[in-house]
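One structure is given below, encoded as structure tokens.
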Amino acid sequence: MTPTRFNGTRALSLCLSLLATSLVIQPPEARGQATPAYGIAQEIYTNLSAVAYPPDYSFTNTPANISKVLSGAFSTSNQSDRYGERLRAFLLPPVTGNYVLGISSDEWSDLSLSTDETPEGRVRVANVNNATAPKDYTAEPNQLSAPILLEGGRRYFLEVLHRDGVGPDSLDIQWLLPDGSLESSIAVKPSGRAERLIPFRPSTLSAPAFLKQPTNTPVVEGRGATLVVLAANQTPLSYQWQMGGVDIPGATKSILVVPKVTQAQHGGKTFRCVATNSLGSSNTTEVSFLVAPDTLAPTVTGVASIGGSGVLVTFSEGVESSTATSASNYQIPGVSILGATLAANGYQVVLKTSALVDGGAYVLGVSEVTDLAGLPVAPGLQVSFTAQQFYSLSLGGPSTLGTMVRAGNGYDITAAGADIGGKTDQFFYAWAPRGGDFDVQVRVASVGLSDLLARGGLMAREELSTTSRFAAVFATPSLNGCFFESRIGPAKDPVISGNVPVNYPGTWLRLQRSGNTFRGYASPDAVNWKALGSVVMGMPEYLYLGVAVSSHTTNLTTGVQVRDLEDATGRGFGEPRRPERESAGPASRRTGLTISEVHYHAPSRADGRLLEFVEIFNSQPFFEDIGGYTLTGDIQFTFPTNTLIQAGSYIVVARAPADIEAVYGLTGVFGPYGGALQSAPGRVQLRNELGGIFQDVSFETDGPWPVSADGAGHSLVLAHPSFGEGDVRAWSASDRIGGTPGGADYLQPDPLRGVVINEFLANPDTQQVEFLELFNSTPAAIDLSGAYLTDSASTNKYRIPQGVRIDGRGFIQFPSSSLGFGISSAGESLYLVNPSQTRVIDAIRFKGSARGVSQGRSPDGASGIVELATPTGGAPNSSRKNRDIVINEIMYAPISADSDDEFIELYNKGTQPVSLGGWKLTHAVAFTFPTNAVIPPDGYVVVGRNVARLLANYGNLSLQNTFGNYNGSLGNSGDDLRLEMPEGVPGVDARGNPVTNLVHVVVNEVAYRSGGRWGRWADAGGSSLELIDPRSDNRQPSSWADSDETRKGAWTTIERTGFLDLGGMADPTEVHIFLQDAGEALVDDLEIFPTANPVNVVKDAGFEDANLSPAWTVLGTHEATTLEKGDAFSGNQSLHIRASGRGDIGGNKIRSSVGFTKALNKSVFATIRAKVRWLAGNPYIMVRLYGNYLECPALLNLPKNLGTPGARNSRRVLNAGPTLFDVSHF
């Protein structure tokens, strides 16, 4: 439901509805008017009480206030307020096939359809639970029906019930026809097509009559024919077809289908339909089948082998079953015919044969097979064919479009072709006949980059014509990933659905048929499959199934490698998982170029070669000239003039180009660049020729950045570009050691994928044993034989013995005594490496460890390492250790844009004071607490970037609870903030004397972000981030909220006086109010008056009316604006502006929607004045007159004591309950 907009037409509609409340308007036929033959019967019920969903449709039990017939389309709008309507009609499908019906409405609606023309058979097939925009059929999944099989020529009862509250309303019905065309909304009489709807009106009961009579029908003997009658009645009828005056058994529909017409049985006979209702019966005119003799003998139009022991024979027409299924009527020299089966379509025969030789040439002889009229095939009919696993065809091409060569366990296909899409196709097709249900899969090892929309994959096609129906699943070279594509009607535009990244050489595609349902899937490993889409369409029993390839350009060819094509029947679909990689794509709105891979710390090599490089990817569908562009930051490089990077292509810039080319087999590597990539922290920027920053990547070596990229051989790859290149979540370690310069980083199968380092105890207490634990996050057991555990990026120290396995969802513990290395209590890195030493399966890096406290993942397999409550080696991990001191509040992006207003607050939820001497804040900022720092129980300590500023702004702070200044600044778009506690670890010095070494243990860590589930107003909107419950997991965004600042701002008077000239468009008859960006504010006592006569002309200037409407209209980004009761400068109410984004003079504002109390003349001085109070977000407001005559922009007064440092959080609750950890959609 949307806010009401006042207009004259609406007012007239409301008046008419009020007049109708005590008067039932008679239907046209009751007033002597003719009832339209086609249309939709509409009944409107007014003055209904407000209801919530599910709505009460009992209003249809009373007489309607308004009854009429709609003659245009199945669409209504702005009928009234608080009304209901019922629309009923007979739906007339033009052809037999599957239809999908859809409904949209404001507000609620139900769409029901019967299995025939009686209301008793109706069932709900689609509905709307909440208001949708007009003709928006995607807001709720229940708005579209499942495919429904309807017979052409019949009438189906259809009913729509609709209820509306207040404000604009609408209702629309659409349907998707079997040929793929969409009628939205369903018109009573579409242009150039047959009528679609007859009104259903029970009050018009009359004797049966007909709009369309059956006609004499020519038919070739042996073929099928259909007779159709269309009743004129607007109530249900029953039907009985007769032949020669005698009832035909079972012929009780408005259509008569005769599958085989013969002269002997039907010639010279008359047919009629008897239609009956309670008032009697009526007969249609009598008609006949005009049976013409069949003079054209059947012939064979195609022969193809099926597997190695079958042949599919296609005849030119339907053939008689007994002759077609006689094996003796077929001969293949040297081959035994073991059986013959007639396909359901009636014109194809499947021969079961002895073994056929792949590539062998054969001749099929056919005799004695007759058509349905009894005509036999020509004597001596012979057809030559070659037995092949696949038959190749250049479909739609003027010449040969491609070639297919066997390669290993698959094929290499080189092909051109304009496209598989539009109304006609042009592509290379390697096909084989396939009957019935199937489930096949193939591995696409590569698709060449002739064009970003080049494709190769599996297809099931009805015919070998350019416009045929099909279902297919395809892979593309890079950006466009894998998708499902289908054409449900000949010469119709295909529909594409689904998308998962390609993963060469392991891009698996799967196509499945079950009856008339076709489904497509993709997978990176042939184990865990992602559904891409499905389609329902009636298809013949036998289809052309195979591999289709198109280069998407007629001038170039693409190369597609297909491997492992095999039957997948009975195989599962694994576990739905979140993809580990997105499709390659842009990471910024500034450019389609991305820094896609960085190899910043390559291991030293025995040959001395340097493998440090930066890779750039062009995600755009066109080339870009990057001549004059530069790489800056830790390195310096300028691209030569006329350097082109093609669409979907990569370029590599290296510190030692010759070394990269020699090791990776590349050519054209750019460089050398000046400088060198740094380990911690590092930075690479891509700038255009004018110096503008297009990409800016700052990376580190500590988690959450991938540890295996720091010296263990892996590179950093942009795995999730949608996060943006500046976000750590966008980056992963390369799938293999060494990275993939010059190409995409695709996931390769690895048996150990899914095994993680899950827990370790580095500083055991008495009676404890130092250990390292692995966890298998998959459901299947994994063989760990030969894998390595180590604490060195360059040396693999412990090889797991043969035969060691880890159960699905299971654990395995290794004591350090068996590892051959100890786990340092001062902190280090731990690695799990695969047996071939080509991939670091998992790596973690940790700081110091507290005595007797293990560290690991909680829950098992989660990202990030925390202290655990209890060591549980070899068993599920305990919860995280809940220490008393927590990071409780963060002001990371002050609304002042001044970093000196930043602060960090710690809270002690324990019962004892805690000395903070020697504790540290690290990573995001750097600060070490002095020895005298103490935090009391249920007390707070604040650390600021500018202590003096904090003491001046917050009266509750003092030098006893406030410390600083810290070094650095909190990241405005997110950062990783750590609290570290000093820990003494017993040890010995170089002489063997006992000493206590000081290490620091991370006891609390918050990796906050801007956006997403993190607080909105904390990102430069005036709020701090507050921990809701100090006992909750403050690693999770749902544990945090924006501080409440709505009571701190003071009422401010804004005022502007000016001369009303230089306006345009119209007279100054409206006032507009909006914020300059997302935010909230209160407005009260709005005044606009001519200076010479200071009388306010604004109606409802104090916002005291019961509702905003009709005096005010809220639009666009300001549509959530409401009245605020009990908070006003004067009176009882004010205007509460809620802006989701920037306001403007167009459709994003609040405007007065009734006239001024007195016209405001032009060319005079006038004043705008209002009381305004800031609540949150953007503090800039605009109040203006329509036409640009006078504007009053203002910066609202902002309080300086924002947030709650040193005090109880404004959003604190006693028990917040469990935090939301993760949400995934598969």
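Any read-out appearing in this document is the output of simple, stated calculations on the displayed coordinates, not a laboratory observation. Values in this document were obtained by computation on a predicted structure and should not be read as measured data. Cβ atoms come from the backbone with ideal geometry, glycine included; neighbour counts cover every protein chain shown.
Within the stretch 423-492, the GluC sites (Glu not before Pro) that combine a DSSP coil assignment with at most 14 other C-beta atoms in a 10 angstrom radius are Glu463. Computed packing ranks the peptides 69-80, 228-239 as 228-239, 69-80, most packed first, by mean other Cβ atoms within 10 Å.
The stretch 1146-1195 to the stretch 1024-1068: how many Å between their Cα centroids? Result: 18 Å between the Cα centres. Placing R0 at 30 angstrom, the Cβ-Cβ distance between Asp625 and Ala680 gives a FRET efficiency of 0.30 after rounding to 0.05.
Take the Cα of Ser863, step 7 Å toward its Cβ, do the same at Ser354, and the gap between the two points is 6.4 nm.
Expressed as a fraction of 2.2 N^0.38 Å, the value expected for a compact globular protein of N residues, the C-alpha radius of gyration of the chain is 1.16. The trypsin sites (Lys or Arg not before Pro) of the stretch 254-317 that meet both conditions, a loop assignment by DSSP and at most 16 other Cβ atoms within 10 Å of the site Cβ, are Lys269. Given their separation in residues at 0.36 nm each and the Cα-Cα distance between them, Leu464 and Asn555 gain 30.4 nm when the chain is fully extended.
With the alpha-carbon atoms of the stretch 885-1042 aligned to their principal axes, the span from lowest to highest coordinate is 58, 33, 31 Å, starting with the largest. Around the amide H of Glu612, modelled in the peptide plane, lie the amide H atoms of Arg655, Ala656, all under 5 Å away and 5 or more residues distant in sequence or on another chain.
Comparing Cα centroids, the stretch 491-562 and the stretch 416-468 end up 8 angstrom apart.
Counting Lys and Arg as +1 and Asp and Glu as -1, each charge on the Cβ, what is the dipole of the chain about the Cα centre in debye, to the nearest 20? Before the final figure, lay out the partial values.
Values: 94 positive and 117 negative charges, 271 e Å.
Charge dipole, the chain, about its Cα centre: 1300 debye, nearest 20.
The length gained on full extension between Ser722 and Arg809, counted as 0.36 nm times the residue separation minus their Cα-Cα distance, comes to 28.2 nm. With the convex hull drawn over the C-alpha atoms of the stretch 637-746, the volume per residue is 123 Å³.
Using the number of other C-beta atoms within 10 angstrom as an exposure proxy, rank Val560, Val258 with the fewest first. Walk me through the intermediate numbers first.
Details: Val560 29, Val258 21.
Result, fewest neighbours first: Val258, Val560.
The alpha carbons of the stretch 932-986 give a radius of gyration and a Dmax of 13.8, 45 Å, in that order. Going through the cross-link list Lys847/Lys920; Lys260/Lys352; Lys1125/Lys1200, which pairs have a Cα-Cα distance over 18 Å in this structure? The pairs that break the limit, which is 18 Å between Cα atoms, are Lys260/Lys352; Lys1125/Lys1200.
Rounded, prolate or oblate: which one fits the stretch 391-567, using the alpha carbon gyration tensor with axes a ≥ b ≥ c (rounded when a/c is under 1.5, else prolate when a/b beats b/c, else oblate)? Could the numbers behind the result be given before it?
Details: a/c = 1.33, a/b = 1.05, b/c = 1.26.
Rounded shape, in that the Cα axes give a/c under 1.5.
What does the extension gain come out to for Gln388 and Thr115, with contour length at 0.36 nm per residue minus their alpha carbon separation? Don't skip to the answer; put the middle values down first.
Details: separation 273, 0.36 × 273 = 98.28 nm, distance 4.62 nm.
Value of the extension gain: 93.7 nm.
Take every pair of alpha-carbon atoms less than 8 Å apart whose residues are at least six positions apart; their mean separation over the length of the stretch 1052-1195 yields a relative contact order of 45 percent.
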